[in-house]
1. If you go through the stretch 191-227 one residue at a time, how many are in a helix (DSSP H, G or I) and in contact with a Pro (Cβ under 9 Å, 6 or more places away or on another chain)?
2. So residue 313 fits all but one of (1) touching a Gly at 6+ places or on another chain (Cβ under 7 Å); (2) open to solvent by less than 50 Å² (accessible area, probe 1.4 Å); (3) β-branched (Val, Ile, Thr); (4) not assigned by TED's automatic domain parsing to the domain that holds residue 223; what number is the exception?
3. Suppose we filter the stretch 393-417 for residues that are part of a helix (DSSP H, G or I) and touching a Leu at 6+ places or on another chain (Cβ under 9 Å); how many remain?
4. Answer with yes or no whether residue 407 is open to solvent by 60 Å² or more (accessible area, probe 1.4 Å) and more than 24 Å from residue 99 (Cβ to Cβ).
5. Among strands (runs of 3 or more DSSP E) lying entirely in the stretch 1-112, which contain 3 or more residues that are out of contact with any Pro (no Cβ under 7 Å at 6 or more places or on another chain)?
6. Restricting to the stretch 153-193, give me the number of residues that are in contact with a strand residue (DSSP E or B) (Cβ under 6 Å, 6 or more places away or on another chain), within 11 Å of the ligand (Cβ to nearest atom) and of a type in the set (D, E, K, R).
7. Pull up the stretch 245-283, narrow it to residues that are more than 19 Å from residue 189 (Cα to Cα) and of a type in the set (Asp, Glu), then point me to the one that is most open to solvent (accessible area, probe 1.4 Å).
8. Of everything in the stretch 196-211, what is modelled with pLDDT of 95 or more and more than 12 Å from the ligand (Cβ to nearest atom)? Give them in sequence order.
Amino acid sequence: MAKIMTIKKPLGTANDYRQSLRDMKTAIWAFGEKITNVPDHPLFIPHVNAVAKTYEVNNPATSHLTGKTINRFNHIHQSVDDLVKKVKFLRTINQLTACCIQRCAGQDALNATYVVTYEIDQKYGTNYHERFKKFMTYLQEYNLVTIGAMTDVKGDRSKKPNQQADPDLFVHVVEERKDGVVVRGAKAHLTGVSGAHQVIVFMREDSKDYSIVFSCPVNTPGITYIFGRQSNDTRKLEKGDIDKGNAEFACVGGECVAIFDNVFIPWEDVFMYKEYDFAGMFVEAFASAHRQNYGACKGGIADVLLGATYGIIKANGLTNASHIRDKVADMINMTETLYAGSLACSYEGHKTPSGAFVADTMLANITKHNTTKFVYELNRLSHDICGGLLATLPSEADLRHPEIGPKLEKALAGAAGITAEEKMRLLRLVDNISGGTACVEAMHGAGPPQSQRIMMLRDAKLEGKLKLAEKLAGIKKDKK
Ligand SMILES: Cc1cc2nc3c(=O)[nH]c(=O)nc-3n(C[C@H](O)[C@H](O)[C@H](O)COP(=O)(O)OP(=O)(O)OC[C@H]3O[C@@H](n4cnc5c(N)ncnc54)[C@H](O)[C@@H]3O)c2cc1C
C-alpha cells in the first residue's frame, strides 16, 4: 500500500499530528494562491485545530484486527455499543468545538468499505477485504486521519456518468496498468483536506466504467485541491478574535474541490473495481453511517447555539419573557429530537455478514432529514431572540479604538453586568454557527433531503402498513 513516507511513527499527540501535516506539505489553492504551509496558515489553522481536538479528547476503541487500543475514528464498529459510542462522542466533541470535526465521512467510508468488500469477495472470489484489512491496520497503527470523497461534480444531473458531455465530471479509470490504475475526474465538497492524511475515494453511480473505490495519501501527485469560500472566511485573516466568532475552530469543515488529473493508484489501494452491482450497497452503507451522525454532531453544535442565545437573553433581561421561554423550549425540543434520532438508529443497528455493525437505515435517514429542517429552524429562533444587533454589530477594531471604544462599551452594555464585549462575543458566535455555510452543510452534507425521502419511501413497507389497516378496518380481500 502507498504509505505516507514522511510519517515514520504512530501519531500520539495533537502536536505530532500537526507536525505530520507540515511534513506532508499538501498544497491547497485558495484566493488564487497555492498554499503549502497549510497547518500554519490562518485560513486553515481553525480547521486543523478542530481535527487536532480528536487527538486531544480521549476516544478509545479496541481494534478487532489487532486487539490494540486505537482512536475510535479508525474503528470498525463491532457492536451496537460501538454505534452508540460513536454518536455520543460526536455530540460531546461538537459541544467543545461548535465546528465540523471532519473525521466522520472518512470513518463512515472506512466502515462501508469493510462491509461491502466482504460481500464482493463472497460473490466474486476477489481479495479486496483482506487488502482493506491491511490498510485499516496501517491507519489504526499510525493513528491517521482519513476523509471521504464520494460526491462527484456531476455536470448534468439528469445523465449518468458515461452519458456526460465531458467524461471527467465523475472520477473514473482512464488506464489500466499491470501495477495499478490511472484515474481522472473531479470530486466536490471534500471536507477536511487541510487536516487529513488519507482520502478514500468512492463512486456513487451504478455505471461499470466508473465503479471504483480506492484510497491514496492526500498529497498524491496529480491531485489539485481548491478551497471553497465560507461565510466571513476573510475574518480568519484579520487581527483580533471577536469578529471571527469561533476563532479557534471556524464553522464547517473547510471544503475543497479535488481535481484528479491522471493520478496513479497501485492495485493494493484499490478496494473495488468494476463490481458495479455493489455500488448501491456501497452508497447505502456509507449514507446510513453518515446520516446516523447528523443528529449528534448538529445536536452538539445546537447546544452551543442554545448557550450563546441564552447568554443574549440574559444580557437583554428577558429570561422571564414567556414567548422567549417558548422559543427556547422549541430549540431544546429540536436539539434533543435530533440527538434522539442518532441514538435510535444506533440502538437499532445490526450485524452485517462481514461482522461489522451498521445503523438502522430508516432511522438514520429520518435523523438526517430532520437535520435539514431543524437546523434552519434552530437558527431562525436564535436570530429572532438575538435581535438585529446580530446583523449590525460594529467590529472588534471599533471596540478596541481609544476614541470610540469606550462609547461602544457604554452603548452596548447588557443587563446583569454583562459587558459589551461579552455580548459581542456571544453574538459573533451565533453569527458563525448559524451562517449560510453552516446551514447548507446541514441541508446537503450526507445528501440532499430528496435522497433521504427516496430511501424512506423505499423502506417504509407501505403495502404491509395497508394490510395492518385493512385488517383493523374489516376489509377482507378476495383471495381467489
Ligand atoms: C459543507 C458540506 C460538506 C460536505 N462534505 C462532503 C464530503 O466530505 N465528502 C463528500 O463526498 N461529499 C460531501 N458533501 C457533499 C454532499 O453530499 C452533497 O452536497 C449532496 O449530496 C448534494 O449534492 P450536490 O451538492 O452536488 O447538489 P445537487 O446534486 O446539485 O443537488 C441540488 C438539488 O438537485 C436535486 N437533484 C440532484 N440530482 C438530481 C436528479 N438526478 N434528479 C432530480 N433531482 C436532482 C437534489 O435533490 C437537490 O435538491 C458535502 C456538502 C457540504 C455542503
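The values are calculated or read from the model by the stated rules, or taken from the named source; none is laboratory data. On a predicted model such as this, the values are computed, not experimentally measured, just so you know. Neighbour counts run over all protein chains shown; Cβ positions are idealised from the backbone, glycine included. These area figures cover heavy atoms from the full protein model, side chains too; ligands, DNA and RNA do not enter into them. Shrake-Rupley method; radii C 1.70, N 1.55, O 1.52, S 1.80 Å.
1. Within the stretch 191-227, the first condition is being in a helix (DSSP H, G or I), and the residues that meet it are 193-195, 208-210.
Retained after the next criterion (residues that are in contact with a Pro (Cβ under 9 Å, 6 or more places away or on another chain)): 194-195, 209-210.
Selection size over the stretch 191-227: 4.
2. In the conditions (1) touching a Gly at 6+ places or on another chain (Cβ under 7 Å); (2) open to solvent by less than 50 Å² (accessible area, probe 1.4 Å); (3) β-branched (Val, Ile, Thr); (4) not assigned by TED's automatic domain parsing to the domain that holds residue 223, residue 313 misses (1) alone.
3. Of the residues in the stretch 393-417, the ones part of a helix (DSSP H, G or I) are 396-400, 405-411.
Keeping just the survivors that are touching a Leu at 6+ places or on another chain (Cβ under 9 Å) gives 398-399, 405, 408-409.
Here the count works out to 5.
4. Numbers: open to solvent by 60 Å² or more (accessible area, probe 1.4 Å): yes; more than 24 Å from residue 99 (Cβ to Cβ): yes.
Yes; evaluated as a whole, the condition is true for this residue.
5. On the way: elements: 28-30, 33-35, 60-62, 69-71.
So the answer is 28-30, 33-35, 60-62.
6. So the answer is 1.
7. 248
8. Going through the stretch 196-211, the residues modelled with pLDDT of 95 or more turn out to be 196-201.
197, 198 - these are the residues of the stretch 196-211 that are modelled with pLDDT of 95 or more and more than 12 Å from the ligand (Cβ to nearest atom).
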